[in-house]
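Engineer: My structure is below; once you've seen it, I'll send some questions.
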Amino acid sequence: MRQLLLDITEIGPPSLNNFIPEGNEELLYTLKNLVANNRQDRFYYLWGKTGSGKSHLLQAVTNIFLEQQRNTHYIDCNQADEIDFSLNADCIAVDNIEQLDDAEQIRLFNLYNQIRESEYGIFLASGTQPPAQLDLRQDLATRLGWGLVYQVHELTDEKKIEVMQDYAIRCGFELPLDVCNYLLKHEQRDLSSLIRQVSALDQLSLARQRPVTLPLLRELL
């Protein structure tokens, strides 16, 4: 596992290779098979806490399909002002599905049925709850549970600290524990955001020619 942690040397776009699978090994194996055209199903639903890695995985899959020049759409329901579900695509990924309004839920329900009846295309979605507990139309929630459903388990704080400190070592400095704890308490807790903060802290340290400390982090933030 330590070698796996050390592989996170650069901050790049979400991929299946820079996702730490601890607790999610089966899910990662399934998604790697999916993008290698060895899929088990055409419908996938991922659920878990905010920051657990759901968005990372959906974006990773869509990035790979785009590299394969497949017609692919990623939709983040947290950010899209107007969501278009009248899409014909090889793959459609709908992130943060619990944010859909009533009209959007109807359109997604129709799209899901269209994909299922066509026997073509891949559908992925993510939410903060398992299908049966989503505050969505019952018929839509039921369909989300028809395919493969995986809970995305968040890394423990101890593992996040280990990853941050290993990243810092690869960058040439030591990251104090109090800095890690402060980031976990006051900043976004997903690993990508934490690593970006550590990288920014490193750059500030070099620019100011000061060691990485909690006061320097407070200046950064």
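The values are calculated or read from the model by the stated rules, or taken from the named source; none is laboratory data. Model, not experiment: these values are computed from the prediction. Positions of Cβ are generated from backbone atoms using ideal geometry, with glycine treated the same way; all protein chains shown enter the neighbour counts. For accessibility, only protein heavy atoms count, side chains too; no ligands or nucleic acids. Shrake-Rupley method; radii C 1.70, N 1.55, O 1.52, S 1.80 Å.
Engineer: For region 89-211, evaluate the Debye formula with one uniform point scatterer on each Cα (no solvent term) and list log10 I(q)/I(0) at q = 0.14, 0.17, 0.19 Å⁻¹, rounded to two decimals.
Structural biologist: Summing over Cα pairs of region 89-211 leads to -0.73, -0.84, -0.94.
Engineer: Taking the Cα atoms only, what angle lies between the long axis of helix 191-208 and the longest principal axis of the chain, rounded to 10 degrees?
Structural biologist: 30
Engineer: Length gain on complete extension for the stretch L220 to S199, per 0.36 nm per residue less the alpha carbon to alpha carbon distance?
Structural biologist: Net length gain for the segment: 6.4 nm.
Engineer: Expressed as a rounded percentage, what relative contact order does region 157-220 have, with Cα pairs under 8 Å and six or more residues apart?
Structural biologist: Relative contact order of region 157-220: 33 percent.
Engineer: Stokes-Einstein at 37 °C, 0.692 mPa s, Kirkwood radius from Cα pairs: D for region 157-220 in µm² s⁻¹?
Structural biologist: My calculation gives 287 µm²/s for D.
Engineer: Hey, what did region 95-221 get for relative contact order, percent, Cα under 8 Å, at least 6 apart? Before the final figure, lay out the partial values.
Structural biologist: Working: 86 pairs, mean separation 22.0, N = 127.
That works out to 17 percent.
Engineer: Further question: If you take the beta carbon distance between R208 and E26 as r and set R0 to 41 Å, what does 1/(1 + (r/R0)^6) give as a FRET efficiency, to the nearest 0.05? Mind showing how you got there, number by number?
Structural biologist: Working: r = 45 Å, r/R0 = 1.10.
Rounded to the nearest 0.05, the efficiency is 0.35.
Engineer: In whole Å, how far is the Cα centre of region 144-221 from that of region 54-123?
Structural biologist: Measuring centre to centre over Cα atoms gives 30 Å.
Engineer: Report the accessible area of E162, computed with a 1.4 Å probe over the heavy atoms of all protein chains in place, in Å² rounded to the nearest 10.
Structural biologist: 60
Engineer: Can you give me the relative contact order of the chain as a percent, contacts being Cα pairs under 8 Å and 6 or more apart?
Structural biologist: Relative contact order comes out at 24 percent.
Engineer: Among S86, S52, S118, which one shows the biggest mean-square fluctuation in a GNM of the chain, springs joining Cα atoms closer than 10 Å?
Structural biologist: S118
Engineer: For the residue pair N33 and Q99, what label-to-label distance in nm results when each label sits 7 Å from Cα along the Cα-to-beta-carbon direction?
Structural biologist: Here the answer is 3.1 nm between the modelled labels.
Engineer: A further question follows. Mind pulling the angle between the C-alpha long axis of helix 102-118 and the longest principal axis of the chain? Nearest 10 degrees, somewhere in 0 to 90.
Structural biologist: Once rounded, one gets 70 degrees.
Engineer: Test of understanding: what is the full-extension gain from Q68 to D90, defined as 0.36 nm times their sequence separation minus their Cα-Cα distance?
Structural biologist: Values: separation 22, 0.36 × 22 = 7.92 nm, distance 1.09 nm.
Separation in residues times 0.36 nm, less the Cα-Cα distance, equals 6.8 nm.
Engineer: Next question, about the same structure. Output the peptides 88-94, 99-105 sorted from most to least packed, where packing is the average of other Cβ atoms within 10 Å over each peptide's residues.
Structural biologist: Highest mean packing first, the order is 88-94, 99-105.
Engineer: Can you give the Kirkwood hydrodynamic radius for the chain, in Å, rounded to one decimal and based on Cα pairs? Let's see the in-between values first.
Structural biologist: Details: mean 1/r = 0.0532 Å⁻¹.
Roughly 18.8 Å, rounded to one decimal.
Engineer: For the chain, what is the accessible area per residue in Å², given a 1.4 Å probe and the full set of protein chains?
Structural biologist: Accessible area per residue, the chain: 52 Å².
Engineer: For region 24-151, what does the alpha-carbon gyration tensor say about shape, rounded, prolate or oblate, given a ≥ b ≥ c as the root eigenvalues, a/c under 1.5 as rounded, and a/b over b/c as prolate? Mind dumping the intermediate values first?
Structural biologist: Working: a/c = 1.39, a/b = 1.18, b/c = 1.18.
Taking the square roots of the gyration eigenvalues as a ≥ b ≥ c, region 24-151 is rounded.
Engineer: In what sequence, largest accessible area first, do K160, K32 appear using a 1.4 Å probe?
Structural biologist: Details: K160 5, K32 90 Å².
Listed by decreasing accessible area, they come as K32, K160.
Engineer: Nearest 10 degrees, 0 to 90: what angle lies between the long axis of helix 177-186 and the longest principal axis of the chain (Cα atoms)?
Structural biologist: 40
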